[in-house]
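Working notes for the structure below.
The values are calculated or read from the model by the stated rules, or taken from the named source; none is laboratory data. Quick caveat, the model's predicted, so the values are computed rather than measured. Neighbour counts run over all protein chains shown; Cβ positions are idealised from the backbone, glycine included. Areas reflect the complete protein model, heavy atoms only, side chains present, ligands, DNA and RNA absent. Shrake-Rupley method; radii C 1.70, N 1.55, O 1.52, S 1.80 Å.
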Amino acid sequence: MTTPSLRRLTLPLSREDARSLKLGDVVLLDGDAVATVGMPTQKRMVAELAVGRDLPLPLRGGAFFHMGVSYEETSTGPGPLHYVNPTTSSRFDHLMPSLIRTLGLSATGGKGGLGRESVEAMCEVGCVYFSFVGGASALLSQGVQAVTDCAWTDLIMQFRLNRIRLDGFGPVIVAIDAHGNSIYERLMTTARERMPDILQSLHPTAGNDETSR
C-alpha cells in the first residue's frame with residue numbers, strides 16, 4: 001500500500017491557492033516565510049505599520065509564522081540553521097487582526113490557533129492558518145533550507161524577524177481556512193456540547209435523591 005504524496009505549496013501563496021485550501025488539508029510548504037516568537041517584535045511591527053513605515057523585511061502578501069529560529073551568526077548575516085521551533089499563536093491574538101489586514105498576509109501559522117477576530121481578518125483578506133506539530137522541532141527543521149535574512153538585530157535571535165527558505169516544510173495542517181472555518185472553534189463547540197454528559201458520567205448519582213440517601 002502506497003501513501004499518497006502530499007500537496008506542495010509555494011510561499012507566498014496566491015489568493016487563489018489560499019482560498020482553495022480546505023479545513024484539515026495536510027500539505028508541505030516551499031518558498032519563503034518570515035518567523036519570530038517575540039511579543040516585543042510584533043508590537044513593534046504594529047507600531048511601525050500604524051505610522052506608515054514599511055517593515056525591514058518585505059512581508060506584504062506574505063507568510064508570517066510564530067516560530068523561533070536559531071542559527072549560526074556570521075559577519076555577513078545568518079549562517080547555518082540550528083533549528084526552528086513553533087510557539088503558541090494565541091499569545092499574539094490581540095495583535096494579529098491588525099497585522100493580517102495591514103500586511104494582507106496570505107498565510108500565518110504556529111501552534112494553538114487564533115481567535116474569532118483574527119479568523120474574520122483572515123477571511124477578509126484571503127489568509128490561511130497552518131498548524132505546526134508541537135514537539136516536532138527536529139522534523140520541521142529538516143524542511144528549512146536556509147535562513148536568508150534577519151532584521152532588528154538589537155533583539156535576541158529568536159525575537160528578530162527571520163526570513164527562512166522552506167523546502168518540504170511540514171507536514172502542516174490547514175487549521176483555519178480563508179473562508180472563516182476554524183478547527184479550534186469546532187473543537188470548543190463540541191467540548192461545550194459534551195460537557196453535561198461528561199459531568200454526569202463523573203457524578204452519576206448527582207440529583208438522585210433515592211441513591212444519595
Task: Whichever residue in the stretch 114-132 is in contact with a Ser or Thr (Cβ under 6 Å, 6 or more places away or on another chain) and closer than 19 Å to residue 68 by Cβ and, among such residues, is surrounded by the most Cβ atoms within 10 Å (Cβ to Cβ) - done: 129
Task: Unique match (being among the small types (Gly, Ala, Ser), touching a Ser or Thr at 6+ places or on another chain (Cβ under 8 Å) and in contact (Cβ under 8 Å) with a residue 40 or more places away in the chain) among 31, 77, 38, 24 - done: 31
- [ ] Report yes if some residue within the stretch 82-105 is touching a residue at least 60 places away in the same chain (Cβ under 8 Å), in contact with a Phe, Trp or Tyr (Cβ under 8 Å, 6 or more places away or on another chain) and part of a loop (DSSP other than H, G, I, E, B); otherwise report no.
- [x] no
Task: Test: residue 135 is modelled with pLDDT of 95 or more, outside any helix (DSSP H, G or I) and farther than 13 Å from residue 35 by Cα - done: no
TODO: Take the stretch 106-130 and flag every residue that is outside any helix (DSSP H, G or I) and touching a Gly at 6+ places or on another chain (Cβ under 7 Å).
DONE: 106, 111, 129, 130
- [ ] Would you check if there is a residue in the stretch 56-66 being farther than 24 Å from residue 143 by Cα and open to solvent by 30 Å² or more (accessible area, probe 1.4 Å)?
- [x] yes
Task: Residues of the stretch 98-113 classified as open to solvent by 10 Å² or more (accessible area, probe 1.4 Å) and either acidic (Asp, Glu) or under 14 Å from the mean Cα position of the chain (by Cα) (or both), total - done: 2
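Yes or no, residue by residue, for (1) surrounded by fewer than 20 Cβ atoms within 10 Å (Cβ to Cβ); (2) within 20 Å of residue 83 (Cα to Cα); (3) at pLDDT below 95:
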position	(1), (2), (3)
3	yes, no, yes
10	yes, no, no
13	no, no, no
16	yes, no, no
19	yes, no, no
25	yes, no, no
30	yes, yes, no
33	no, yes, no
36	no, yes, no
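Matching residues to (1) outside any loop (DSSP other than H, G, I, E, B); (2) acidic (Asp, Glu); (3) under 15 Å from residue 96 (Cβ atoms):
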| site | (1), (2), (3) |
| --- | --- |
| 18 | yes, no, no |
| 23 | no, no, no |
| 31 | yes, no, no |
| 34 | yes, no, yes |
| 53 | no, no, no |
| 73 | yes, yes, no |
| 80 | yes, no, no |
- [ ] Could you please find all residues in the stretch 67-89 being of a type outside the set (S, T, N, Q) and open to solvent by less than 70 Å² (accessible area, probe 1.4 Å)?
- [x] 67, 68, 69, 71, 77, 78, 79, 81, 84, 86
